[in-house]
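Have a look at the structure below, then the notes.
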Amino acid sequence: MFNFVQERKRLVQIVLVLIILPFALWGLDSYQNSGDIGSLATVNGSKIGQPEFEDAMVRQRQRLRETLGENLDPAIFDSAEMKHSVLQGLVVQHLLLEEAKKAGLVVSDEQMARLIASAPAFQKDGRFDKVTYETALRTQGMSPALFEYRVRQDVLAQQLTDALAQNGYAADAAAENLIRLNEQQRVIAVAKLDLVSFLSGISVGDAEIKAYYEANQQRFNIPERAEVEYITLSVDDLSAKMAVPDSEVEQYYREHANEFGTAEQRQAAHILISVPKDAADADKESARRKAETILQQVKQKPATFAALAKQHSEDTGSAANGGDLGMFARGMMVKPFEDMVFSLKAGEISSLVQTDFGFHIIKLSGIQPGKVKPLAEVKAQIVQALKLQRANDRFAELAEQFSNAVYEQSDSLKPAAELIGAKVMGPIWLTHGQQPSGLWNAKILQAVFSEDAVKNKRNTSAIEVAANTLMAARIKEYHVSSIRPLPEVADLIRKQLQNQAALQAASKQGASMLAQLQRGEKKSLQWGKSQSVTRAQRNELNPELSRLVFAANVVKLPAFVAVEDPQQGYLIARIDAVNEVQAIDQQKRESYAQQIRQMTGEALLHAYLEDAKGRAEITVKNFTAPEKL
């Protein structure tokens, strides 16, 4: 039971990193029973409700915000595609959990305690810290019960997916064949019929240019553009302007001292005589008598505790270490066990302690007192927290006033700027359909190019462009969509038509040369330097030419292949030699085999899920009508 964490430590860290994301503020019971509230999908009768769906949307938004940063467009979360994708993900999660339970997989309370204790996010100085744990959850809007429920569900699902994905198959022959294919070298030289050499004899008349222009006017379209000025209201900007008196910092420090310290931790060892909590009374009594016998031995010779733990303890995870459980704080062990540990003195041995896991004999090995960091060390952290708190309050006060100001005084952004103590920024040019970097997202661009903003030169409404960030903009100058005039693009068209004609001429001559070379005739070509290429490493070789090189029949050498390249001209490759892999060492074979196992394991998991879906009764709302998977 206690050895689970050690075996799964990397998984735990990954799971916990993914789990620590914002959750909706409802309790565990309402979360578990959310299918009763606006059911959006069912998996074998188990319902997925609106609260669970909204929670998943929040977590998906957070993941994408961390990945894309300022490039994230919040508008995508309004799309039916995104909602359907998130809902499909919840269906798969429910299906995995159902399959995991059918397979008899479980995560016990003791395992959960060790899982959470091993998470770096909840540790201070390399050890679990209860205050850090509770603070982290409180910051994310979660209760420990809801967090632990979600961790348990994710670990159950992960156990099942690991059992499939980590059991792919790879035969040595398959690995060796892949190595020989991937690392086979072909020695080639490339000749190029350069476009430049064909351009001198090509002329393009005005009539051709005009005809091309008229037939391809969409290529010369200039989208509508607008020069805009804008203003933003954000928590970050407000926070930078906030001042926090030292007296408030000191008061916060006094009232939240537990947040800036390390809770007392204790190191204990135990001997467990296990018995299920639902065991018969006779079995419990037998386990008790065995534990009492060992306790008497420990009391008589305390120095033999570790040896007796190795000999008798039924907690396989700690027995090999003399029963040692390491350091832990309050809240990490079941209550009877914890209460006893924190009542002992260093070196003291307990009486029998009964829990749901059986009977424990506990020895307190050491005590690490709690400590609080001095104010000077955490002052900057407190100031930032108070600034952010004040900024959030001020943002809540100003948001509606800001929105009203840009709407009611729609001929200027200055009144709104004066209201929030900011400057009107810009002007900058925006092009319809092209999203610049920064805060400009699809919603604000749509507002800028709306009929009211364009025709009446009115302020846009205040648009949320990022979390706790509002923006309003106003057009100063507007240009409608137009076609660039012919004189402006004539030279560009002439060059393009000349290049097209040159490529045709090069290709015609090159194809003739290729045919002659393939017949074994000699041709005078300027061949480049000989080079070795593989399927994975083709240097700067044209991708299509590389594909043809490895698709070529090399029974008779030299062999020749060729391809058109719009930028370079006509490329001919001469294949002079094929170098096969001579020896394959065990390390390389194992590396390739591992990749094959990963691919086959993922295929196995995919096939398993498809089979499970086929056996399940699943319905998913498509936000217009129910859909059967």
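The values are calculated or read from the model by the stated rules, or taken from the named source; none is laboratory data. As the structure is a prediction and not an experimental result, all values here were calculated from the model. Cβ atoms come from the backbone with ideal geometry, glycine included; neighbour counts cover every protein chain shown.
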Has segment 33-41 got any residue that is buried (at least 17 other Cβ atoms within 10 Å of the Cβ), at pLDDT 85 or above and in the same structural domain as A157 (by TED's automatic domain parsing)?
yes
Testing D452 on (1) outside the structural domain of L195 (by TED's automatic domain parsing); (2) in a loop (DSSP other than H, G, I, E, B), one condition comes back false. Which one is that?
(2)
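Given M327, M332, M340, which one is assigned to a loop (DSSP other than H, G, I, E, B) and over 25 Å from R254 (Cα atoms)? Even if it seems obvious, please write down each step before you answer.
Numbers: M327 fails: assigned to a loop (DSSP other than H, G, I, E, B); M340 fails: assigned to a loop (DSSP other than H, G, I, E, B).
That would be M332, the only listed residue that is assigned to a loop (DSSP other than H, G, I, E, B) and over 25 Å from R254 (Cα atoms).
Please specify each residue of segment 98-121 satisfying the condition of being among the β-branched types (V, I, T) and in a helix (DSSP H, G or I). Reasoning before the result, please.
Filtering segment 98-121 down to residues among the β-branched types (V, I, T) leaves 106-107, 116.
Scanning segment 98-121 gives a single hit, I116.
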Take the residues in segment 377-419 that are of a type in the set (S, T, N, Q) and under 30 Å from S247 (Cβ atoms); name whichever of them is modelled with the highest pLDDT.
Q401
Scan segment 288-295 and give yes if some residue there is at pLDDT 90 or above, over 17 Å from V353 (Cα atoms) and in a helix (DSSP H, G or I), otherwise no.
no
Is there a residue being in the same structural domain as L295 (by TED's automatic domain parsing), crowded, with 17+ Cβ neighbours inside 10 Å and at positive phi anywhere in segment 349-367?
yes
Every pair of residues 6+ apart whose Cβ atoms lie under 8 Å, when the first sits in segment 512-529 and is touching a residue at least 24 places away in the same chain (Cβ under 8 Å) and among the aliphatic types (A, V, I, L, M) while the second is surrounded by 12 or more Cβ atoms within 10 Å (Cβ to Cβ) and in a loop (DSSP other than H, G, I, E, B):
M513/K523; M513/L525; L517/K523
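Give segment 390-424 a look and list any residue that's among the small types (G, A, S) and either crowded, with 17+ Cβ neighbours inside 10 Å or within 18 Å of A466 (Cβ to Cβ) (or both), or say none.
Step one: of segment 390-424, the residues among the small types (G, A, S) are 391, 396, 399, 403, 405, 410, 412, 416-417, 421-422.
Within segment 390-424, A391, A396, A399, S403, A405, S410, A416, A417, A422 meet the criteria.
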State all residues of segment 156-183 that are crowded, with 16+ Cβ neighbours inside 10 Å, in contact with a Lys or Arg (Cβ under 8 Å, 6 or more places away or on another chain) and in a helix (DSSP H, G or I); if no residue qualifies, say none.
L156, A175, E176, I179
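From the list G601, G569, pick out the single residue that is over 16 Å from L181 (Cβ atoms), outside the structural domain of L545 (by TED's automatic domain parsing) and surrounded by 14 or more Cβ atoms within 10 Å (Cβ to Cβ). I'd like the intermediate steps shown before the answer.
On the way: G569 fails: outside the structural domain of L545 (by TED's automatic domain parsing).
Being over 16 Å from L181 (Cβ atoms), outside the structural domain of L545 (by TED's automatic domain parsing) and surrounded by 14 or more Cβ atoms within 10 Å (Cβ to Cβ) holds for just one of G601, G569, which is G601.
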Looking at segment 242-281 only, could you name the residues that are under 34 Å from the mean Cα position of the chain (by Cα) and at pLDDT 90 or above?
M242
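Among the residues of segment 44-73 satisfying the criterion of being of a type in the set (S, T, N, Q) and under 15 Å from H84 (Cα atoms), which is surrounded by the fewest Cβ atoms within 10 Å (Cβ to Cβ)?
Step one: filter segment 44-73 for residues of a type in the set (S, T, N, Q), giving 44, 46, 50, 60, 62, 67, 71.
Then drop every residue that is not under 15 Å from H84 (Cα atoms), which leaves 50, 60.
On the way: Q50: 15, Q60: 18.
Applying the filter and picking the extreme gives Q50.
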If you go through segment 441-452 one residue at a time, do you hit one that is under 23 Å from F220 (Cβ atoms) and touching a residue at least 24 places away in the same chain (Cβ under 8 Å)?
yes
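How many residues, within segment 197-212, are farther than 17 Å from Q504 by Cα, assigned to a helix (DSSP H, G or I) and not basic (K, R)?
Just the residues of segment 197-212 that are farther than 17 Å from Q504 by Cα, to begin with: 205-207, 209-212.
Now drop any that are not assigned to a helix (DSSP H, G or I), which leaves 206-207, 209-212.
In the following step, the residues that additionally are not basic (K, R) were identified as 206-207, 209, 211-212.
Residues meeting the conditions: 5.
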Filter segment 109-149 for residues that are modelled with pLDDT of 80 or more and among the β-branched types (V, I, T); the one that is surrounded by the fewest Cβ atoms within 10 Å (Cβ to Cβ) is T132
